[in-house]
Structure formats: structure tokens, C-alpha cells
2 protein chains.
Amino acid sequence: MASVSRVLNGLPATGEMVERVQRAVEELGYVPDARARSLKVGRTFQLTLAVADVGNPVYVTMMRAVEEVVSAAGYRLVVTTTGPDVVDEVALVRGMARGYADGLVISPLRVDDDLIKSIRECDVPVVVAGNVPASAGVDTVRANSPKGMLLAVEHLLATGRKRIAFVNGPVDTVPGTARAKGFADAMKASGLRAVAEVEAVDFTFAAGREAGVELLSGLDIGVRGSGAEARGGRPGAEARGGRLDAVIAANDLLAVGIMHELAARELVVPDDVAVIGMDDSELAEQCFPPLTSVNLGSAERGRRAAELLLARIDDDTRAPRRIVVQPTLSVRKSTP
Amino acid sequence: MASVSRVLNGLPATGEMVERVQRAVEELGYVPDARARSLKVGRTFQLTLAVADVGNPVYVTMMRAVEEVVSAAGYRLVVTTTGPDVVDEVALVRGMARGYADGLVISPLRVDDDLIKSIRECDVPVVVAGNVPASAGVDTVRANSPKGMLLAVEHLLATGRKRIAFVNGPVDTVPGTARAKGFADAMKASGLRAVAEVEAVDFTFAAGREAGVELLSGLDIGVRGSGAEARGGRPGAEARGGRLDAVIAANDLLAVGIMHELAARELVVPDDVAVIGMDDSELAEQCFPPLTSVNLGSAERGRRAAELLLARIDDDTRAPRRIVVQPTLSVRKSTP
């Protein structure tokens, strides 16, 4: 019967099983109406993942991980986009009361009291993949951006780069706030001062290119080859005045946008300027040169969030958990 | 009342409207249960887009376009992944009978009689973004791959490249079949014979790298610079024996995978080997050098599919439409 239910609910099953069930269903003329059924059993076998932008490859990594966990548990995952505005996030969470899914994982770009209130009042379990205050009393899985920033700065220092610029996304977002603080702390701990800081208008490739223009037009970065030559004797690094020798970007899309602006000025990555992204998305491996990137554990965060959601569906009385996933650095060819 | 309904259904509305409605709802203690309501009115205000792989950037372009059209009409779009197997596509379509969405746009990688049967019998309107026979009697929007292939081959010929290899995805898929035939026809029309043809195991970046290894290990492609030198006098092109001077890939992910294998062998794009992708996805712009790519109109196909779905929801008696979107070529720096 479990198999029959899986087939009728459009969930993964073997080809043979699907055929047998479908033959039986046709003979009996039976089609379940889940809207009616879910009124009784309260289950839709569908879970929702809400992300700010399906086009950001960091969410693709997270989606794949969430899907793996929930489909193994017999659920279908559907993904929806909230966009960057908190009002749309709140509308989505309130809309969950309609009962089209048994639970929600939301990765909000912006958080306010309304959002927290809507999550607490939501009829179905909600897990936040992001940072909300402990007082909210909800299950959360979040990254450790400050630690990630420290890994990036320490890697640059260890490879002789000290003239570091930082390109952040909007600082009024959850990741923007965390990464700004993380960068400031990491630079302080390393005894460095930023060569420049730019705030991009969004966490997108286009915003990265714009930020690259702003960053590079304001700095004496020399022309192709000069950086590499000047660095021939590594100790000379500090004597290069305003020259930039590394950029840390707040995500991979921003980093790749900046790499295009460096190339447009005939600056070679990493010889002239090293570049580090964050998220370690599929794009980091696909871009050229492949991008060194801080892995903030998006796959593990997805897995853990899915597990918390399943556990919460199973037992809504358990105490809220707050999980922090630790970062690692994926070193590729965009740093020396 | 339309606004109230939009807010309660979690659909886009102005911030002020959301606040007013939410205050009223709190005062009245009213929460609509859409499972109960949809039994009466038969509407969920939710539409589903089913794609083979959310990680393929071509679907991101399509998703954005579908979402724009359906959200303007007051629907929320949810996206779900079928994977590459037809049995999972069929299970999804049959699962739509559960009534969690008012309609479905499906972009199937593989099509068989079972899938067509499930679409015809589906309780909610289904539009296929892909190629199914006219006899199926369903609304379809499809690309013109053969015309796209012709644009790619003609562009290479016009820029002096005649020693062309083709890397396809699996030929037992809808796009794989269309692109294989399109490539053969375009080469024949141009009086050319392929230097090599490789079938990748999937339409992914990883499969592109594997196909690149297979392609390049089997060919005399010389070392960095030699190709460009030999081409100094363009007429010499045909005298280069087995040497490859261009690759057409069946999508952008495959093309970028191949570019990495070219780089690993110190072959410069486009000086030594020109590369053309298909789909003109966001990745084509992001990769380096930016990728010349056949735009198969994924955004327009998404828009048209969404419009067909809305029209079909409005009037289920209208005759099925079959729309073909024509391709264009986006020329970037991966071709001379």
C-alpha cells in the first residue's frame, strides 16, 4: 500500500511498480483527490523550498541537497522564488496556511519582525536557512560567514597578498551584514587595512561587473604584467602604494563579474590580482580560471535544514534547534 | 476583494495592502483553508513548472520568463525537478491530479507514449515546452534546433573555420535527437564533413569535461600557438589534416566543460579552437572568454508556454496550438 500511495502521489517508484499500480487504478477507475484527502489526513507529501533567486547557483547546490533528503523520505520538493524583498517573503509564509505543502524551508535575504511573526504563526513547520534571533524560537541552520572571511584573508596573507579590496552585496541583507562584519574582523585580526570597499546593488553577476568598474576606476592598479613583475621579489609587496593585489567578493557571482572587469583592463588573475568568491557554487568550478571560493556549506545546510523540517513534521513539540555549519576554503587557480 | 484574495493567497501585492489585509485578518481571526476552498472553486492560484535539472542555466532563463507572465496574472509559480527519466515525468503528470496546482508547464528531456497519455488524461491543463507529435493534441512551444545548428555552422564558415567537431548530449533525448539531425543537415548543406562527433553522457558541465577528454585525446590538435600560426594565411585551413579548429556543443554547460579541457592542453579559445554553445544561458555571458551561443529562445519559449497555459485555463475547449520559436546567434569572444 505504501507503494500504491507513492505512485498515486507522483513520488519516485520503480517502473514496474508504477505500471502495476496504474493498471489497477485504470481498472478501478480510482483517482485520489488530495485536496479532499489532505483535509482528513493533513498531508500533501509536498515540501516547499523558498529562495531569493533561483538564478543564483548557491541555491542550486542547496536545492539539490534538500531534494535528496526529502525525496528519500517520500516527499516531492517544489521550489519558489521570493525575490529580495521581505514583504514577499512574509506573503509566501502566510500563504502556506493554504495547505499546499506540509512544510517550508526558507532562505530569506532580509529578515524583519513581520517575517519572524509570520513564521511563528505558520500552520505548517518552517525551517529558516539563515540567521534569525534565538528569541524567534524557530529551527535554523546558518553559515559562519565571519569564520569564512577569516579563511579567505589568511589564505591571501599566506600567499603574499596584503592589498585586499572587498566587494560586498547590499549591507541591509542578512548575508551582507554578516560578511561586512566578518571582513572587518578578519582584516583587524590580521593587522591589515582594506585597500577599498565597494557595496554592490545586488548579489548578481551584473552587479558584480558594476562594482568592478567602481572598484577599478578608483585605484592605481597599473597595467597588465606590471603587478606580476613588481611582485618578482615578494617582499616588495607592501611598497606598491595604492595597488590592489587581491579582491574578496561576497559571493561567486560578484567575483565572476569582477573577473570580467579585470580582464577588460588586461589584468591577469591571479598574476596581477587574486580573486576569492564565497559560496563555492558550481560556477566557481565552471568559470575561468576556476575560482577559489569560501565554501559556506550550502549543501550541508540544505541537508540539515531538510532533516530539521522532517523531524519537526514528525514531532512539533521538540525544542527548536540552531545549527551552525562551519566553512572550508576551496582553493583553485584564481589565487596563487 | 481581489486584493484581499491576493494577499491571503500569498501573491504579490503592495506593502500597504498587505498590512491592511493582515490587520483585518487578525481582527477577524480568519485564515482561509485553500484545500477546502479549492474543492469548491477548483483554483489553487499556483502553477507548476517541471524541468529536468534546476542546475542547468537554460532552465533558469525559462523559469524567470514563466514566472514573469504567471505572477502578472496573479499566480505563484513553483518549480520542480523531474530528472532525466521519463518514468519520473509520467509520475509527476499523474500526480497533478492531486490538485495542488491549476496547471503545468513541463519541459521533458525524454518523451514516450506513456508521457503523452498522462498529459492527455491530466486533470489540469498541461503545456509542453518541447517536441511532442501533433497527434498528441496538446499545446506545445518548441525551439528550432536545426535552424540554430545552421546559424552556428554558417558563422564558423564565415570566420574561416571548417574543421568542426560536434559534442552532443545523449541522442535518446528530445534535444539530443533534434541537435544531431540539425548538425548533420547543416554540415551537409555547407558541404562539410565533421572532424569528430562525441556523445556526452548528459547535458552537464561534468559530462562536457569527459567529452572534451574523449574528443581531444583522439585528435591531432597540435600545441598552443601552432594553430593560430598555421592559420596566418587563412587559405591554409584545409591543409591542416586532422586538426580541429572549432567545436559546436549541444548546450552551454557542455561547451564550458570542453573549454576547460582545451585550456588544460594550453589551447587558446578562439585563437586555436573556436567554441560555440547552445541555449545562450547566463553562463555564456559569465564564462571566459564569453561564449558565442545559439539562442534557442528559452525566454520567449517560457513566455509563450505560460501564455498558452493561462489561455487553456481560461478556455479548455480551444484547439491545441503548436508554436515554434526561431533561434538567433549571440556572437561573443569564443569565436573569431
Other protein chain Cβ atoms within 10 Å, averaged over every residue that makes up A:95-105: 6
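If you count, for every residue in B:64-76, the Cβ atoms of partner chains within 10 Å of its Cβ, what is the mean?
1
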Within the stretch B:80-144: Cβ-based charge dipole about Cα centre, in debye rounded to nearest 20 (Lys, Arg +1; Asp, Glu -1): 100
Likely footprinting exposure, A:Val66, A:Val124, fewest C-beta neighbours within 10 Å first: A:Val124, A:Val66
Fewest-first sequence of B:Cys287, B:Cys122 by Cβ atoms within 10 Å of each Cβ: B:Cys122, B:Cys287
Reach of B:Lys147 by Cα under 27 Å, taken over lysines that are not fewer than 8 positions away in the same chain: B:Lys162, B:Lys181, B:Lys188, B:Lys333
Virtual spin-label span in nm between A:Thr328 and B:Ala72, 7 Å along Cα→Cβ: 4.6
Which of B:Val275, B:Gly297, B:Cys287, positive extreme of dipole for the stretch B:270-318 (C-beta unit charges): B:Gly297
Shielding of B:81-90 by partner chains, average beta-carbon count, 10 Å: 3
Exam field: A:Ala264 pseudo-label spacings to other copies (7 Å along Cα-Cβ), nanometres: 3.2
Ascending list, in nanometres, of distances separating the A:Ala73 label from those of the other copies (7 Å, Cα toward Cβ): 3.4
Least to most buried among A:Ile323, A:Ile164 (fewest other Cβ within 10 Å first): A:Ile323, A:Ile164
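Bear in mind these aren't lab numbers, they're just calculated from the coordinates by the rules spelled out. Everything numeric here is computed off the predicted structure, so don't read it as measured data. Backbone-built Cβ (ideal geometry, glycine too); neighbour counts: all protein chains shown.
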